[in-house]
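Below is one structure, written out as structure tokens, with a few remarks after it.
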Amino acid sequence: MKRLLTSRATDWLAPVLWVTALSLSLVLGGKVRGEGPDAKLCDSQEDRVGWEYSPTVRRPLECQMVGEYAHPTRFGTRAQLDVRPLTLTLSPEYEGAGTAKRDVLEEASGRCGIAIGCDKPAPSSATTVPKKAGVPVSPDTRPADTAPPARELNLLAMGDWGEGKPAQKNVADAMAKYVAARKTPFAALLSAGDNFYVPLSGVDDPVWQTLFEQMYDAKRLDFPFYAALGNHDYDQNKYLIELAYARVHPQSRWKLPARWYRVDLPAKEPLVTALMLDSDQPNLTAIEWALEKKFVAEELAKPRAPWTICVAHHPLFSNGAAADNGVLQKDWGAVFEKEHVDFYLCGHDHNLQHLEVKGWKESFVLAGGGGAHAHPLIRDNRGPFSRTVYGFVHFDLTPDLATVRYVGADGATLHEFTRTKAGEVKVTQTTPSDTAIDNPLEAIQGLYDKIHGAQTRPAPKPTTRPAVGASEER
């Protein structure tokens with residue numbers, strides 16, 4: 001049973017797409033199959049004779065039924081068409097279509113997540129499409145060496161910030177200056193938790209203004225702050241106030257619709273799927289933890305944008321005192337690997353780290369330098385980068401390449417790497433990592449700040465317990 005799919009054309013490709021038709025034959029079962037010398041256009045993950053492809057592991061088409069002509073569109077946050085296995089062949093109108101033909105093939109393969117084969121390679125010289133009766137045709141008048149503007153998405157990231165100390169202000173000012181200097185739009189900031197270290201009395205507490213709304217320049221940092229929860233957000237049940245503030249003040253940049261949630265950016269033709277997660281397993285009931293694990297598995301199995309970032313507070317791996325987290329590796333790590341997550345963004349250790357761990361496909365981005373008291377490193381034999389320094393992270397994403405830049409509170413680039421969709425990581429700029437401290441046990445026990453942060457050691461504990469008043473009894 002044959003049906004043709006279509007939807008609106010976009011940008012410069014519009015006149016080409018409307019006059020170049022694809023025949024989509026819906027098949028009730030099996031995989032998408034094709035043959036031909038141009039089978040290299042298939043976006044398969046395995047080398048095969050000919051090609052075959054399962055659409056269930058890729059993004060579905062977002063299409064509408066309109067007339068008899070068909071072309072693919074870039075996918076949205078949710079597909080409008082429930083995809084069944086498809087067999088795709090070229091319509092006769094493609095004969096001699098040349099560059100336009102290849103553009104449409106790549107559009108369908110790269111944006112709609114379907115594999116395409118054709119009868120013969122497209123010649124590079126032709127730039128127009130033969131006209132079919134009753135259909136308006138416009139030639140592709142772009143110069144041969146002119147490509148359409150590349151899609152790009154810019155995000156900021158930080159964690160461990162709401163302490164109200166000078167370091168937080170320094171990082172906030174550095175972000176504002178950085179964004180203004182880049183002269184490119186930023187879509188959002190991803191916060192990796194420990195948003196507030198100080199008490200919150202409610203949604204109208206002045207702290208909201210001093211440590212968030214006024215702290216982060218509303219003119220230059222005019223985009224949503226999507227937050228995850230950290231362990232300090234559970235102190236005095238502050239997380240309930242943080243959730244309520246987002247509900248009561250929907251006009252605010254503060255976004256926290258739930259303890260774990262999904263956001264696709266931008267909303268139209270997204271480039272990134274971010275899962276904002278709650279890693280505070282000790283503060284969740286067994287049922288809540290199980291529900292969140294289910295959420296992670298289900299969302300990662302759904303259609304996603306080209307890039308996936310999972311965001312939570314606690315690290316899976318860290319060179320700092322937080323160290324490696326076996327619970328998260330076990331409960332989340334396996335599904336991250338299975339579903340090809342690209343980045344895991346976290347904080348908890350108050351420093352900046354980029355770790356590539358043997359046996360793991362993800363790039364681990366620790367952005368805990370948002371302004372809270374700094375934490376030392378307890379190991380320095382893993383990298384490629386880890387420093388006890390304040391700062392933030394910039395994700396610059398295109399459909400095929402991610403550039404991740406670590407920026408210090410002084411605005412200087414501390415470290416930068418690129419990652420391809422195939423998972424190839426290349427460090428393009430860096431500074432020397434810090435050396436691990438000599439007394440890691442103190443840091444692990446949480447004693448480093450207490451002992452070394454003061455000029456003198458605290459007085460020894462009394463040998464006998466002092467008298468306790470009735471009001472102090474527990």
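Are any residues in the range 264-301 closer than 18 Å to PHE186 by Cα and either in contact with a Leu (Cβ under 7 Å, 6 or more places away or on another chain) or touching a residue at least 60 places away in the same chain (Cβ under 8 Å) (or both), and if so, which ones? Lay out the reasoning, then the answer.
Filtering the range 264-301 down to residues closer than 18 Å to PHE186 by Cα leaves 264-274.
Passing the criteria: ASP264, LEU265, PRO266, ALA267, LYS268, GLU269, PRO270, LEU271, VAL272, ALA274.
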Considering residues that are in contact with a Leu (Cβ under 9 Å, 6 or more places away or on another chain) and part of a loop (DSSP other than H, G, I, E, B), the number found within the range 355-367 is 3
State whether one or more residues within the range 271-294 are in contact with a strand residue (DSSP E or B) (Cβ under 8 Å, 6 or more places away or on another chain), surrounded by fewer than 24 Cβ atoms within 10 Å (Cβ to Cβ) and over 17 Å from ALA157 (Cβ atoms). no
Within the range 407-415, is there a residue that is surrounded by fewer than 22 Cβ atoms within 10 Å (Cβ to Cβ), free of Cβ contacts under 8 Å to residues at least 24 places away in the same chain and not aromatic (Phe, Trp, Tyr)? yes
With the condition kept exactly as written, say whether any residue in the range 353-360 is assigned by TED's automatic domain parsing to the domain that holds THR388 and touching a helix residue (DSSP H, G or I) at 6+ places or on another chain (Cβ under 8 Å). yes
For the range 160-191, the count of residues that are of a type outside the set (Phe, Trp, Tyr) and closer than 16 Å to VAL407 by Cα equals 19
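The values are calculated or read from the model by the stated rules, or taken from the named source; none is laboratory data. Keep in mind that what you see is a predicted model, and the values were worked out from it rather than measured. Counting neighbours? That spans all protein chains shown, and the Cβs are built from the backbone with ideal geometry, glycine included.
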